[in-house]
Amino acid sequence: MHWSPQHSWKRLPLSVKMALAMTVLVVIVVGVISLLSIRREQDTFRNELQAQASLLLDFTQSASSDALYTLDAAYLRDLIAQTDELGGGRDVPTEIYDRDGRLIADSQGDAVYTLESAAYSTRLLAGNSMTVFDWGDEDLTAGRVVVVGREKIGVIKISLSTAPLDEKMAIVRNRGITIAVLAVVTGAALAYLLSQTITGPMRELTEATKRLAADQLKQDLVTVKGDEITALQVTFNAMSARLTETLNHLNQRNHDLEIANEAALQASRLKTEFLATVSHELRTPLNAIIGFSDMLLMGMSGPLNEKQHHKVGRLQENGKRLLALVNDILDVARIESGRMELVREPFSPQKLIDQVSAQTRVLAENKKLEFKTSLDAELPLLLVGDEKRIEQVVINLLSNAFKFTEQGSVTLRIFSDSDAQTWSLAVTDTGIGIPAHALDVIFEQFRQVDNSSTRIYQGAGLGLAITRHLVQMMDGKIKVESTVGAGSTFTVTLPMVIPEPTPAIMV
Amino acid sequence: MNRRAWLALIVIVVALATMLVGCKDDDDKKDETPESTAVTPTGIIAIGDISDNPTEKIAIYQALADYLGSHLAEFGIGTGEVRIAPDMPGMAAMLESGQLDIYFDSPYPALIVSGQSGATPILRRWKGGVEEYHTVFFARADSGLESLEDLKGQAVAFDEPFSTSGYMLPRAFLIEAGFTTTEIPNPEAAVGADAIGYVFSGEDQNTIEWVLSGRVAAGVTDHLSYAEIPEETRSQLIILVETENVPRQLVVVRPGLDPELQAAIVQLLMNLDEAEGGAEILQQAEETAQFDEFPQGTDAALARMRELLALVEGS
C-alpha cells in the first residue's frame, strides 16, 4: 500500500493534528529561545574571557613596558611566572616578543634565545590593532602590541583555555535541554488538553451532522460555553430546525405535486385515450365517406355531371384531409402515450427517395414547382431503421415544403457523415421562409408561424411536432435553417446503422 | 588606716613578694641551665649568602645548616641557622661581628667581602655541579666582529658590577690585554674610538638577548650560560675570546673562627657528598656537587684571583 506523509497526516484525528501542530510550534519556539539563550550565554562567557584576557594583558603590559624598553629578559621571565599565578590556578601560556618580534620570554621559564622573528608577533607589529583576539578550538589567544611613545617595543601574547567556557556552556546547554524537554512535554500536554476542549464539541457536532444526514433532522446540541464552537452549535441547532421545517414543507409540496401530477397524468391518459378513441371512431366513417366518394367519382353509381363531380371531388378531398388530420392526432396520441413502437429493419435509401418522390410528385406538379432529389454515393445501400416512420418524416417535411413554396423548387438530399457515424436527409425549399423568432416554436403542436398562416395554408400544425417526436424516438436530431422570403432547410440527422451482412445478401 | 585598708596592703605586699620570689626562681633556673645542658649543646653555626630573596636562600641552605649544626656538638654547637645579607657590606659586617660563620659566593664578591671583613676563603664549592667556570666574549656572527680589537668603540654587555664572570673576569681580561675599558650608562651611549664600552644588563639572560637583538655589539657571559643557548641560535653567534677558569664558588669563614672548629667544618663539608643524606643536602643547596680544596693550593689560587681583583679595582 502506498504511504505518504500527506496521506497519513490527513487521516489523523483533528485533536492529534492540533496537538501535534501546537507541539511542533512549542518545540520551535522553545528551540529558538534555547538557542538564543545559549548563544547569549556563550557571548557573555566569551566576553568575560576576553575581559579577563584584556585584564591580564593590561597587567602584563603595565609591568613589562619598562623591561621591554630596556630588553630586561630576566625580569620579563619572572613576570610571566607571576602572570601564570594570576591565572587562578590554571595555566596561562604567555609569550613576550621584543620590538623585532623575537620571542624573549615564555611560560616555560627557560631562556628562548632566538634570532628569528615569530610570525604571530610580526603580524601584530605590522598591523594597526593594538589588541587582537583569536578564538581557537581550545583556547583564546590575546595579543597586545606594547607601545611606548610612538614606538612599538614588543608584543605580549597570552592564551586562555576555553575549557572553563566549554564546561559552562555544557552546563547551560544541558540546563537548556532539560528546560526545553520539560517545556515541550508540558506544552504537548497542554496542547492536547486544549485540542480536546475544541475537538470535543466538534465531535459532538460531527455526530449530530451524521444523525442529520441519517434523516434525524431534529438535533438539539447542549451548549454551555460562549466561544465560537458554541456559536457554531447554536447555528447548527437553528439550521437543524430550519431544515426540519423546510423538509416538512417540501414533503407537503411533494405530496401536493404528486396528487396534481397523478391528476394530470390521469387527465393526459384520458385525453390520449379520448383522442385515440375519437380518432379511431372518426376514421371508420371517414373511410366510408372517402370510399363512397371514390365510387361516385368512378361512376359506379352512374355518371356525374360536372357540378356533381366537382362537389363529390371536394367531398373526397376534405374527407382525405380530415383523415390525415385524424391520423396525425392519432400519432400524437400514440407518441404521448408511449404506445408508438419503432420497427428497425434494413431499408434502401434509394427506394425511400423513390417512394416519397412518387407520393409528392403530384404536389410539385400542382404548383408547378421543381422537385429535385439527390443521394450521396458514399451512403451504404442499406441502412437499418423504421422505414415507414422515416418515410413519414420525409413526407411531412416535403408536404410542408410544397405547402409554403409558391415558386422555385423543393429539394430532397440524403447524405452521409461517416466520421460522425450519422446520415442525414435535408429538405430545402424556396418558399416564404420562417422568421427567426418562430424557429423555436414551429416544432410545438398546433403551431405554425402565425395564426393567419393556418388559414392561408392548410394544416393543424401537428406535422412538425410529430416529425420531431419521431426523430427523437429514432435517436436523431432535427434542425431548421431559414431566411424569410428565400426559403428553408430542414435537416434530420439519424444514427447510421448498417445491417449485418446476411448469407443471402452476400450471395 | 582601717582594718580593710590594712588587709589590702598586706595582700599587695604578699603578692609582690610572691612575684619577686618567682623571678628569683627563674633566674636561678637560668643559672642552672649550663649545668643541665652540658650534654645538649646550644651553640649556633650560621651559614649565609647575599641575596635580595632571603626566603628562597634560607630554604636552599637550611638543610646544610642543620647538618652542620648537628655534627658540631663537641664545639657546643647544636643548631644550624641561615642568615642572609642584602649586599656585600652587610655580609662583611655580619662576618666581622661573628653573626655569620660561613659564607658562600663566587670569587669576585667573596674576595671583596673577605677583604672588607678579614674573612678567609678555605674551600671551593662546586655550585651547580661545576668546579670552575670562565667567561665567553660573544657576538652575532653577522656583526662582522672577529676579535676583541673589533670591539673598540663598541658597547659590550656585562652582567652586574659584582659578578665574577660577568664583570671581574672579562674586564680584568680586557685590561690585561691592554684595552681601555669604560662604563657606559646604556647601550646606545657613545663610546670612545679607542675604548671598549661596557654596560651592565643586570642578568646574563639580558646580556644574551641584547646581543641577539643587536642592542650591543657583543656580550660576556659564563660558559655555562652560553651553553644554554640553543644550538640553532648559537650557530649564528661567534665567540670572540674565552677567559681563564676560576673556581665556581668559594667557602669563606669569618675571622676569629676557632681553628679546630674550622678544621671540623672543612672535614664535614668535604665529606658531605659521601655522608649519609649528604647528596640530598648538596642537591638542595643549588645542586652543589661537592666541596674540595683548591687544586693548586689555597694560596696560589687566591693569589691569581686577587691579581684579577686588583686589575679591576686598580683601573
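The values are calculated or read from the model by the stated rules, or taken from the named source; none is laboratory data. Please read these numbers as outputs of a predicted model, since none were measured by experiment. With ideal geometry, Cβ positions are generated from the backbone for all residues, glycine too; neighbour counts draw on all protein chains shown.
Is it the case, given these coordinates, that A:Thr122 is surrounded by fewer than 19 Cβ atoms within 10 Å (Cβ to Cβ), within 30 Å of B:Ala227 (Cα to Cα), away from chain B (no Cβ under 14 Å) and among the β-branched types (Val, Ile, Thr)? Here the answer is yes, as A:Thr122 does meet what is asked.
Of all residues in the range B:196-209 being at the interface with chain A (Cβ under 7 Å from one of its Cβ atoms) and among the charged types (D, E, K, R), which is nearest to the chain's Cα centre (by Cα)?
Only one residue fits best here, namely B:Glu203.
When you check A:Gln42 against the structure, is it over 60 Å from the mean Cα position of the chain (by Cα) and surrounded by fewer than 20 Cβ atoms within 10 Å (Cβ to Cβ), yes or no? In short, no.
Checked across the range B:86-93, the condition of being at pLDDT 95 or above, farther than 23 Å from B:Ala310 by Cβ and out of contact with any Pro (no Cβ under 9 Å at 6 or more places or on another chain) holds for at least one residue.
Residue-by-condition table, conditions (1) surrounded by 13 or more Cβ atoms within 10 Å (Cβ to Cβ); (2) in a helix (DSSP H, G or I):
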{"residue": "A:Lys311", "(1), (2)": "yes, yes"}
{"residue": "A:Arg314", "(1), (2)": "no, yes"}
{"residue": "A:Arg321", "(1), (2)": "yes, yes"}
{"residue": "A:Val326", "(1), (2)": "yes, yes"}
{"residue": "A:Leu352", "(1), (2)": "yes, yes"}
{"residue": "A:Ser357", "(1), (2)": "yes, yes"}
{"residue": "A:Leu363", "(1), (2)": "yes, yes"}
{"residue": "A:Ser374", "(1), (2)": "no, no"}
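Of the listed requirements (1) without any contact (Cβ under 8 Å) to a residue 12 or more places away in the chain; (2) under 15 Å from B:Arg125 (Cα atoms), B:Ala285 misses just one: (1). Do we find a residue being β-branched (Val, Ile, Thr) and either more than 24 Å from A:Ala51 (Cβ to Cβ) or within 11 Å of chain B (Cβ to nearest Cβ) (or both) anywhere in the range A:128-136? Among the residues of the range A:128-136, not one is β-branched (Val, Ile, Thr) and either more than 24 Å from A:Ala51 (Cβ to Cβ) or within 11 Å of chain B (Cβ to nearest Cβ) (or both), which makes the answer no. For B:Leu224, the conditions (1) over 14 Å from B:Gly129 (Cβ atoms); (2) in contact with a strand residue (DSSP E or B) (Cβ under 7 Å, 6 or more places away or on another chain) are fulfilled apart from (1). For the range A:45-69, the tally of residues that are surrounded by fewer than 17 Cβ atoms within 10 Å (Cβ to Cβ) and within 14 Å of another protein chain (Cβ to nearest Cβ) stands at 2. With the structure loaded, tell me whether B:Asp101 is modelled with pLDDT of 95 or more and farther than 19 Å from B:Gly278 by Cα or whether it fails that test. Against the criterion (modelled with pLDDT of 95 or more and farther than 19 Å from B:Gly278 by Cα), B:Asp101 qualifies.
Of all residues in the range B:68-91, those satisfying the criterion of being buried (at least 22 other Cβ atoms within 10 Å of the Cβ) and in a helix (DSSP H, G or I) are B:Leu68, B:Met91.
Restricting the search to the range B:210-268, which residues are among the hydroxyl-bearing types (Ser, Thr, Tyr) and within 12 Å of another protein chain (Cβ to nearest Cβ)? The answer is B:Ser213, B:Thr221, B:Ser225, B:Tyr226, B:Thr233, B:Ser235. Taking the criterion of being assigned to a loop (DSSP other than H, G, I, E, B) and either outside the structural domain of B:Gly202 (by TED's automatic domain parsing) or surrounded by 19 or more Cβ atoms within 10 Å (Cβ to Cβ) (or both), the only residue of the range B:135-153 that qualifies is B:Leu145. Taking the range B:161-206 as the range and being out of contact with any Asp or Glu (no Cβ under 7 Å at 6 or more places or on another chain) and either on the phi > 0 side of the Ramachandran plot or among the charged types (D, E, K, R) (or both) as the test, the residues that pass are B:Arg171, B:Glu176, B:Gly178, B:Glu183, B:Glu188, B:Asp194. Hey, does the range B:163-179 have a residue that's in contact with a Leu (Cβ under 8 Å, 6 or more places away or on another chain), loosely packed, with under 15 Cβ neighbours inside 10 Å and either away from chain A (no Cβ under 14 Å) or part of a loop (DSSP other than H, G, I, E, B) (or both)? Yes, there is a match, as at least one residue in the range B:163-179 is in contact with a Leu (Cβ under 8 Å, 6 or more places away or on another chain), loosely packed, with under 15 Cβ neighbours inside 10 Å and either away from chain A (no Cβ under 14 Å) or part of a loop (DSSP other than H, G, I, E, B) (or both).
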